[in-house]
Amino acid sequence: MHATSTATAGQALTPASWEDLVTTALLGTDRRPPAQAVPGREAPVALLDAAALATLRRRAGLRPGPAAPRPEPAAEDRRPPLPAAAARRLAMLLADRSGGGGGGRRGSAPDLMELLPQWLAAANAHGYAAPPQALPALLDAARGRTDLRPAALAFAGPRALWLARLNPDWRFALRSAPGGGATLPGPEDTEAVQRLWQEGLFAERVALLSALRARTPGPARELLSATWATERAEDRLMFLDALRTGLSAEDEPFLEQALGDRSRNVRATAAELLSALPGSALAGRMAVRATACVAVDHTGNRPAIVVEAPPECDPGMERDGVTAKPPTGRGERSWWLGQLVEAAPLGTWPGRLGGRTPEQIVALPVADGWQGELHAAWCRAAVRQRDAAWSRALLGVPSAPEAGGPGAVSLGERAKLLATLEDGERAEWVAGFIATHGLSEAFQLLGVCDVPWGAPLGRAVVDALDIARDAGSYPWSFSGVMGLAERCLDPAEAARLDGLLAVPDEREDASPGAGGYWAEAFQRLVSTLRLRAAMAAELSGGGPSGVRAQPPDAAG
């Protein structure tokens, strides 16, 4: 080959940057000839040849880089593998990344992405390991939905953390893992515990304290106490919050000391924890203050509660966690009263108010418009102290007008009160509420019920949906409850719903086409329930011995 030909060929093979090729194509070869022009070939053809060459180079991969240490192998996951049918189901769920709309018409097909949390909960209950080939899609799904992360990362196991260290898109897994994915020493390794507590990053120290608190509350508190004076205020607040786990009377001396902290938030948190211990000195001080403000008046036709709110917020009250300045729109005295009553042990009130039971106390009229403030504070106290007797009294019977009990507590307060009751009692109350008041206000209450819903609650929901259909309105107003039903109804209920799949005769005053939309919504509900039953069967087949299967909707 001649030298000129060799030079021309070399010039033609000199790679051009992709950006240069794109710019030339956009401007046109007349205005900007290709940099790798070859004699005898037209400029457009030369540009296409260069683009083909650049495309081939891009497809071939990256240029060799400098040698680097190979990553350490991922930790071994010793959990048993998924049954083949369950693995195929997982791939199907992860492939459906679109999700369903929260309202409007959703069609009759199940929303597979909304079934993923239930599937993950069941797989974790069985103790299965995630298939390696599913990890990228699983991490991508968890990246886009924070509600999936705890269950998805538990299922993905140690390999997820290994991958997260190699891909910046998955770094959330390291932030979500205790201590950033670091291995925490056990409480028996005192030397390693002390070293990590003294030298570790903040996230590692929080994770260590939380893990120790769950297993050995006393030593965990002593670890924190040793460095408490040198910790930053924002760190002290986070560390103090870890003491909620395993809270007991043994924590009282430390928390009393924290009441004198220079940080207002730390003082408030310490006071809240102490008020959750009915036998604490702070609870006793609050009881004295609160009972001085509330009494029974017998001078009228019937006994009534009278309230005299505190005239000031003195330094002792502030030290015990009472916030002096009220929010905008709240009166000072009512604000202080609510905080005192909330922090006082509920066991104080029967003795103060004539030996009455919680039901009798709540039923008493309250003079001068103080009922709402007083009952709301008792609600917060019942939730904080996990007092089921007071929760029942404040809830009242579900068939009462407005189902608010004598104090007409709000929906949010009712949901919190229900959470203090046992699962069966909670579901029974909500079923009674729905039977009397329908579904218009039931969504928030259903959210605190254990899943799968028991037969009485499931029947109450389905019956109320049937009544709403007969009323002739569109189903979209009930899309939230319908979505909950898809996740929380017992799959065994599917056969009982077959009678709702037909399109009903349309009433004259019904919304046009409403019957068809309802039939479509019920079809989706039945299909979802049957799919959930199939998922449970797939996960149960070949499950590890000795592991008791849990309902697949435990995360619903």
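With the checklist (1) more than 30 Å from Arg165 (Cα to Cα); (2) surrounded by 15 or more Cβ atoms within 10 Å (Cβ to Cβ); (3) within 25 Å of the chain's Cα centre (by Cα); (4) not acidic (Asp, Glu) in hand, flag the one item Ala207 doesn't pass.
The number of the failed condition is (1).
What are the pairs with Cβ atoms under 7 angstrom where one residue, in the range 139-167, is under 18 Å from Leu115 (Cβ atoms) and the other, located anywhere, is assigned to a helix (DSSP H, G or I) and of a type in the set (Lys, Arg)? Sequence gap at least six, or different chains.
Matching pairs, first to second residue: Ala142/Arg149.
Being surrounded by fewer than 17 Cβ atoms within 10 Å (Cβ to Cβ), at pLDDT 90 or above and among the polar types (S, T, N, Q) narrows it down to one of Ser511, Ser527, Ser545, so name that one.
One residue alone meets the criteria, Ser527.
Answer yes or no as to whether Val341 is open to solvent by 10 Å² or more (accessible area, probe 1.4 Å) and assigned to a helix (DSSP H, G or I). Steps first, answer last, please.
Details: open to solvent by 10 Å² or more (accessible area, probe 1.4 Å): no; assigned to a helix (DSSP H, G or I): yes.
No, not satisfied.
Run down Thr299, Thr328, Thr323 and say which single residue is in a loop (DSSP other than H, G, I, E, B) and surrounded by 15 or more Cβ atoms within 10 Å (Cβ to Cβ). Explain how you work it out, then say what you get.
Working: Thr299 fails: surrounded by 15 or more Cβ atoms within 10 Å (Cβ to Cβ); Thr328 fails: surrounded by 15 or more Cβ atoms within 10 Å (Cβ to Cβ).
So the residue among Thr299, Thr328, Thr323 that is in a loop (DSSP other than H, G, I, E, B) and surrounded by 15 or more Cβ atoms within 10 Å (Cβ to Cβ) is Thr323.
Report those helices (runs of 4 or more DSSP H) wholly inside the range 212-295 carrying at least 2 residues which are of a type in the set (A, V, I, L, M), surrounded by 15 or more Cβ atoms within 10 Å (Cβ to Cβ) and touching a Gly at 6+ places or on another chain (Cβ under 7 Å). Before you say what the answer is, go through the steps one by one.
On the way: elements: 217-227, 233-241, 252-258, 264-275, 281-291.
It comes to 264-275.
Look through the range 344-384, keep the residues that are polar (S, T, N, Q) and outside any loop (DSSP other than H, G, I, E, B), and return whichever of them is least open to solvent (accessible area, probe 1.4 Å). Full working, then the answer.
Quick first cut of the range 344-384, residues polar (S, T, N, Q) only: 348, 357, 360, 371.
The next check asks that each one be outside any loop (DSSP other than H, G, I, E, B); those that pass are 348, 360, 371.
Details: Thr348: 39, Gln360: 98, Gln371: 56 Å².
Residue satisfying both the conditions and the ranking: Thr348.
Of all residues in the range 181-211, how many are of a type outside the set (S, T, N, Q) and either in contact with a strand residue (DSSP E or B) (Cβ under 7 Å, 6 or more places away or on another chain) or part of a helix (DSSP H, G or I) (or both)? Can you show your working first?
Step one: filter the range 181-211 for residues of a type outside the set (S, T, N, Q), giving 181-182, 184-189, 191-193, 195-197, 199-209, 211.
Those left that are additionally either in contact with a strand residue (DSSP E or B) (Cβ under 7 Å, 6 or more places away or on another chain) or part of a helix (DSSP H, G or I) (or both): 181, 191-193, 195-197, 199, 202-209, 211.
The total comes to 17.
Here is a check on your reading of the model: is Glu191 modelled with pLDDT under 95 and either within 20 Å of Leu255 (Cβ to Cβ) or in contact with a Cys (Cβ under 9 Å, 6 or more places away or on another chain) (or both)? Reasoning before the result, please.
Details: modelled with pLDDT under 95: yes; either within 20 Å of Leu255 (Cβ to Cβ) or in contact with a Cys (Cβ under 9 Å, 6 or more places away or on another chain) (or both): no.
Judged against the criteria, Glu191 is not a match.
I'd like to know if the range 471-490 contains one or more residues that are in contact (Cβ under 8 Å) with a residue 60 or more places away in the chain, more than 27 Å from Glu520 (Cβ to Cβ) and of a type in the set (Lys, Arg).
No - not one qualifying residue is present in the range 471-490.
Considering only the range 464-489, state which residues are surrounded by fewer than 18 Cβ atoms within 10 Å (Cβ to Cβ) and either touching a Pro at 6+ places or on another chain (Cβ under 8 Å) or in a helix (DSSP H, G or I) (or both). Quick ask: steps written out before the conclusion?
Of all residues in the range 464-489, those surrounded by fewer than 18 Cβ atoms within 10 Å (Cβ to Cβ) come to 466-467, 470-473, 476-477, 480.
Scanning the range 464-489 gives Asp466, Ile467, Asp470, Trp476, Ser477, Gly480.
Within the range 148-165, can one find any residue that is at pLDDT 90 or above and assigned to a loop (DSSP other than H, G, I, E, B)?
yes
Assess whether Asp387 counts as being in contact (Cβ under 8 Å) with a residue 40 or more places away in the chain, touching a helix residue (DSSP H, G or I) at 6+ places or on another chain (Cβ under 9 Å), open to solvent by 30 Å² or more (accessible area, probe 1.4 Å) and not basic (Lys, Arg).
Numbers: in contact (Cβ under 8 Å) with a residue 40 or more places away in the chain: yes; touching a helix residue (DSSP H, G or I) at 6+ places or on another chain (Cβ under 9 Å): yes; open to solvent by 30 Å² or more (accessible area, probe 1.4 Å): yes; not basic (Lys, Arg): yes.
Judged against the criteria, Asp387 is a match.
Residue under question is Ser440, and the condition is that it be assigned to a loop (DSSP other than H, G, I, E, B) and of a type in the set (S, T, N, Q); does it hold? Talk me through it step by step, then tell me what you get.
Numbers: assigned to a loop (DSSP other than H, G, I, E, B): yes; of a type in the set (S, T, N, Q): yes.
When the stated conditions are applied, Ser440 passes them.
Of the residues that sit in the range 88-117 and are surrounded by 18 or more Cβ atoms within 10 Å (Cβ to Cβ) and closer than 22 Å to Pro158 by Cβ, which one is modelled with the highest pLDDT?
Ranking the candidates gives Leu90 first.
The values are calculated or read from the model by the stated rules, or taken from the named source; none is laboratory data. The shown structure was predicted, so the numbers you read here are calculated from the model rather than taken from an experiment. Positions of Cβ are generated from backbone atoms using ideal geometry, with glycine treated the same way; all protein chains shown enter the neighbour counts. Ligands, DNA and RNA are stripped out before the accessible areas are found, and what is left, the full protein with its side chains, is counted by its heavy atoms. Shrake-Rupley method; radii C 1.70, N 1.55, O 1.52, S 1.80 Å.
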